[in-house]
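Note sheet for the following structure.
The values are calculated or read from the model by the stated rules, or taken from the named source; none is laboratory data. Owing to the predicted nature of the structure, the values given are computational and were not obtained by experimental measurement. For neighbour counting, all protein chains shown are included, and Cβ atoms are generated from backbone atoms with ideal geometry for every residue, glycine included.
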Amino acid sequence: MALEGLGLLKSENQIDGLKYPKLGMMLDYILRQQPKLLESTEIRDQNLLFPSNTYIAMIKFLMKCFESELENKSLEGSSEFMSSVNTFCLLLEHSMSFEGSVELHVTSAKALLIVGSHMPEVVASHYALKVSWLKQLLSHVDWDTRESIACLLGIVSSALPLPATSDLISELTLIFSQTHKSRFETQHGALCAIGYITADYLSRAPPMPEIFLQQTLRCLVDVVNSETSALAAVAMQALGHIGLRVSLPPLDNSNSDGILIILHDKLSKLLLSDDVKAIQKIVIAIGHICVKESSSSHLDMALNLIFSLCRSKAEDILFAAGEALSFLWGGVPVNADTILRTNFTSLSTASNFLMGDLNSSVSRQFPNGQSEHSEEYHASARDAIIKKLFDVLLYSSRKEERCAGTVWLVSLTKYCGNHPIIQKMLPEIQEAFSHLLGEQNELTQELASQGMSIVYDLGDESMKQNLVNALVNTLTGSGKRKRAIKLVEDSEVFQDGALGESVSGGKLNTYKELCSLANEMGQPDLIYKFMDLANHQASLNSKRAAAFGFSKIAKQAGDALKPHLRSLIPRLVRYQYDPDKNVQDAMVHIWKSLVADSKKTIDEHLDLIIDDLLIQCGSRLWRSREASCLALADIIQGRKFHE
């Protein structure tokens with residue numbers, strides 16, 4: 001009840017418009033209850049001044065006050081607000097006491113990082129004298145707490161003299177040269193911090209001595225080569241963070257091999273492992289390393305590593321690979337500071353990928369992020385990506401490769417949509433998504449539908465009109481013939497169980513199995529009937545996916561849809577009674593988007609609807625007959641004879 005009253009259980013949309021008190025006022029009230037919060041002796045040894053759950057609710061509410069006050073630009077730089085922020089930092093330090101719960105420590109560490117990302121100078125100067133306290137927290141038992149503190153240390157290191165920053169990096173790298181191995185938590189925290197602190201050093205002047213940078217990189221490369229996937233992935237993440245600032249140099253002057261070439265074999269093995277989270281970190285790190293890379297051979301190596309994931313069935317890995325390709329492509333709407341000095345996790349989470357309104361695309365999510373368009377040496381990488389997607393993956397005979405191609409094309413279109421080459425390719429991208437609407441795989445379908453909406457959002461008026469026409473044609477069954485996919489023996493034509501089993505009890509889903517059954521039955525021409533059935537299923541899938549894409553576009557298309565309503569409405573009525581629940585849901589979804597008053601619309605188009613239903617009652621397809629009969633029974637119910 002208390003959390004509900006504070007508005008902490010509501011989403012951002014639900015609390016929009018709520019007014020929060022000033023941060024200073026709330027802190028004054030809390031300090032009257034517990035004046036000891038201002039004492040700063042050995043912080044982690046102190047007793048917790050409130051129960052953990054009370055602290056958590058308090059911090060969450062204070063963060064709302066902080067963010068609310070930040071929006072008021074006139075107060076942002078005031079001395080009163082600065083003083084409140086310093087007091088808030090003290091409260092957060094006290095909440096990191098040993099007595100606190102892990103949840104409290106996670107909440108406090110993330111709050112410190114958010115405050116630091118908004119007010120880096122204030123927080124950096126505040127904690128420059130408390131680096132030893134932050135270093136203790138790098139060994140915290142919780143993963144998220146360690147990562148937040150490591151990022152915070154990167155921000156704080158900007159206020160340290162360069163020699164002190166060098167000493168801090170050396171101290172952290174020394175952990176990995178000891179004969180006795182440290183705890184996993186200590187190693188993990190140190191690796192995270194090395195990446196953030198080194199990246200910050202590289203953004204300052206004078207530049208880091210090359211020998212010192214090579215020593216730091218050597219430490220991280222050794223960890224990748226020698227450790228398990230969890231630590232190797234974190235070391236790669238650190239290399240990626242450094243790569244956002246500079247092109248990674250060779251590890252020594254006598255060896256011209258780049259870091260990705262040295263690590264290629266090890267990374268290939270790691271990408272074949274079952275550790276999904278580690279693979280995600282590694283593949284995004286590869287993308288980060290390539291942001292400043294100028295060697296075409298190194299970029300090719302990175303692309304080969306990413307493309308090796310094209311048959312992965314783990315969605316998270318495919319999305320991570322799509323993000324990495326976006327960094328390789330160039331023009332993503334985030335810069336190094338956004339990634340290194342905020343609580344940024346990934347493009348997909350930051351852009352609310354596959355959720356919410358398309359108008360809030362990722363470029364609008366980062367109003368301060370300046371696109372870092374790649375130099376010309378990334379042109380060959382872009383050509384290789386286009387070739388791989390359009391010549392190999394999107395029209396592959398393997399459904400998992402088509403799925404990977406779809407994920408990656410959607411990622412590029414969403415994250416790099418303003419890039420000139422993406423803009424130029426929008427017609428080809430639209431055609432590819434239109435083709436993929438008929439896929440059996442639901443993820444591929446959903447993403448193709450999402451991709452159509454993104455293309456609509458990016459396109460000019462002509463493109464938008466063409467897209468509306470294409471979707472209407474798909475829904476009405478008059479779309480142009482799709483590009484053929486060459487079938488091989490193991491190409492999956494039907495999903496498992498869709499046709500039952502063969503006489504011998506085997507599966508009936510691949511092209512080879514269907515041919516075998518047709519031959520066993522002495523009817524080789526039966527394969528054509530199977531393929532006709534498969535094409536019909538693909539047509540249904542297209543209609544379902546097109547409906548979801550169409551419903552998103554319908555809100556924006558407005559007048560462009562009016563000429564098509566006469567042909568759309570009779571079909572949409574029928575499709576809402578389709579035996580396939582998925583098709584029903586999709587058509588109900590688009591019906592609600594297009595039609596404000598359902599009864600009035602049906603009354604106005606009643607003759608067209610009934611004519612269509614009567615024709616389809618005699619269709620050769622049982623599902624069309626069934627849907628038409630159900631729709632007729634429902635529509636004529638309660639109507640008078642003359643109607």
Residues of the stretch 391-430 being buried (at least 17 other Cβ atoms within 10 Å of the Cβ) and over 22 Å from the mean Cα position of the chain (by Cα), which ones?
TYR395, SER396, MET425
Could you tell me which residue of the stretch 243-283 is surrounded by the fewest Cβ atoms within 10 Å (Cβ to Cβ), considering only residues that are of a type in the set (Val, Ile, Thr) and over 20 Å from TYR377 (Cα atoms)?
VAL276
Given the residues GLU71, GLU67, GLU93, which is the only one that is surrounded by fewer than 14 Cβ atoms within 10 Å (Cβ to Cβ) and within 22 Å of ARG341 (Cβ to Cβ)?
GLU71
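Applying the selection to the stretch 50-69, what residues are of a type in the set (Gly, Ala, Ser) and either at pLDDT 95 or above or in contact with a Leu (Cβ under 8 Å, 6 or more places away or on another chain) (or both)?
SER52, ALA57
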Just checking, which of THR413, THR349, THR338 is at pLDDT below 75 and out of contact with any strand residue (DSSP E or B) (no Cβ under 8 Å at 6 or more places or on another chain)?
THR349
Can you list residue pairs whose Cβ atoms sit under 8 Å apart, with the first residue in the stretch 632-643 being within 12 Å of ASP603 (Cα to Cα) and not assigned by TED's automatic domain parsing to the domain that holds LEU614 and the second being of a type in the set (A, V, I, L, M, F, W, C) and at pLDDT below 75? Count only pairs 6 or more apart in sequence or on different chains.
none
Residues being of a type in the set (A, V, I, L, M), more than 27 Å from the chain's Cα centre (by Cα) and not in a helix (DSSP H, G or I): count how many of those fall in the stretch 102-137.
2
Matching residues, the stretch 70-92, being under 15 Å from VAL122 (Cβ atoms), within 32 Å of the chain's Cα centre (by Cα) and modelled with pLDDT under 90:
LEU70, GLU76
For helices (runs of 4 or more DSSP H) lying entirely in the stretch 539-643, having 2 or more residues that are within 29 Å of the chain's Cα centre (by Cα), at pLDDT below 75 and polar (S, T, N, Q) picks out 581-594
Among helices (runs of 4 or more DSSP H) entirely within the stretch 372-476, at least 3 residues that are among the charged types (D, E, K, R) and over 26 Å from ASN335 (Cα atoms) occur in 399-415
Suppose the filter is touching a helix residue (DSSP H, G or I) at 6+ places or on another chain (Cβ under 9 Å), more than 27 Å from CYS310 (Cα to Cα), surrounded by fewer than 24 Cβ atoms within 10 Å (Cβ to Cβ) and not hydroxyl-bearing (Ser, Thr, Tyr); does ASN225 pass it?
no
